[in-house]
1. Of (1) part of a helix (DSSP H, G or I); (2) in contact with a Gly (Cβ under 9 Å, 6 or more places away or on another chain), Ala14 satisfies all except one. Which?
2. Residue pairs, Cβ under 8 Å, 6 or more apart or interchain, first in the range 48-59 and more than 14 Å from Ser74 (Cβ to Cβ) and open to solvent by 30 Å² or more (accessible area, probe 1.4 Å), second in a helix (DSSP H, G or I) and not acidic (Asp, Glu). List them.
3. Could we say that Arg44 is at pLDDT below 95, more than 30 Å from Ala14 (Cβ to Cβ) and open to solvent by 90 Å² or more (accessible area, probe 1.4 Å) here?
4. Ala84: open to solvent by less than 60 Å² (accessible area, probe 1.4 Å), within 26 Å of Leu25 (Cβ to Cβ), modelled with pLDDT of 95 or more and in a helix (DSSP H, G or I), yes or no?
5. Here is a list of conditions, (1) under 18 Å from the mean Cα position of the chain (by Cα); (2) in a helix (DSSP H, G or I); (3) loosely packed, with under 14 Cβ neighbours inside 10 Å, and Ala62 meets all of them except one; can you say which number that is?
6. Quick check on Ala34: is it surrounded by fewer than 10 Cβ atoms within 10 Å (Cβ to Cβ), modelled with pLDDT under 95 and of a type in the set (A, V, I, L, M, F, W, C)?
Amino acid sequence: IALMGSRIENPVPADPVAAADFARLRSRLLAFNAARSAEVAGRRYANYGALRDAMEHTDDPAMLLRLWSGWAASGTALKPDYAAFVSRANEGARS
């Protein structure tokens with residue numbers, strides 16, 4: 001039960017070069033997500049919390065789809081860095 005409240009981090013690779021790449025990728029992903037926003041139906045949602053609030057206050061399925069699709073599309077630029085980050089985290093798990 002004590003572990004449920006703890007924060008789990010991704011394992012860092014043992015190789016120093018891979019560890020540095022892991023840190024660089026992690027920083028880029030965090031920075032991107034901190035600045036991430038989406039424009040949906042002429043309104044800008046500055047972060048996921050604002051988008052989530054909008055989703056909680058509508059029961060229109062078409063609007064829910066536009067909101068979620070707009071947020072998902074705003075993250076496509078993350079895909080290459082995220083794939084590389086997962087690869088480095090897997091290296092860390094194996095080491």
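1. (1)
2. From the range 48-59, the pairs are Met55/Leu64; Met55/Leu67; Met55/Trp68; Thr58/Leu64; Thr58/Leu67.
3. Working: at pLDDT below 95: yes; more than 30 Å from Ala14 (Cβ to Cβ): yes; open to solvent by 90 Å² or more (accessible area, probe 1.4 Å): yes.
Yes; evaluated as a whole, the condition is true for this residue.
4. Working: open to solvent by less than 60 Å² (accessible area, probe 1.4 Å): yes; within 26 Å of Leu25 (Cβ to Cβ): yes; modelled with pLDDT of 95 or more: yes; in a helix (DSSP H, G or I): yes.
Against the criterion (open to solvent by less than 60 Å² (accessible area, probe 1.4 Å), within 26 Å of Leu25 (Cβ to Cβ), modelled with pLDDT of 95 or more and in a helix (DSSP H, G or I)), Ala84 qualifies.
5. Evaluating Ala62 over (1) under 18 Å from the mean Cα position of the chain (by Cα); (2) in a helix (DSSP H, G or I); (3) loosely packed, with under 14 Cβ neighbours inside 10 Å leaves (1) as the failure.
6. On the way: surrounded by fewer than 10 Cβ atoms within 10 Å (Cβ to Cβ): yes; modelled with pLDDT under 95: yes; of a type in the set (A, V, I, L, M, F, W, C): yes.
Against the criterion (surrounded by fewer than 10 Cβ atoms within 10 Å (Cβ to Cβ), modelled with pLDDT under 95 and of a type in the set (A, V, I, L, M, F, W, C)), Ala34 qualifies.
The values are calculated or read from the model by the stated rules, or taken from the named source; none is laboratory data. Values in this document were obtained by computation on a predicted structure and should not be read as measured data. Ideal geometry is used to build each Cβ from the backbone, glycine not excepted, and the neighbour counts take in all protein chains shown. SASA here: full protein model, heavy atoms, side chains in, ligands and nucleic acids out. Shrake-Rupley method; radii C 1.70, N 1.55, O 1.52, S 1.80 Å.
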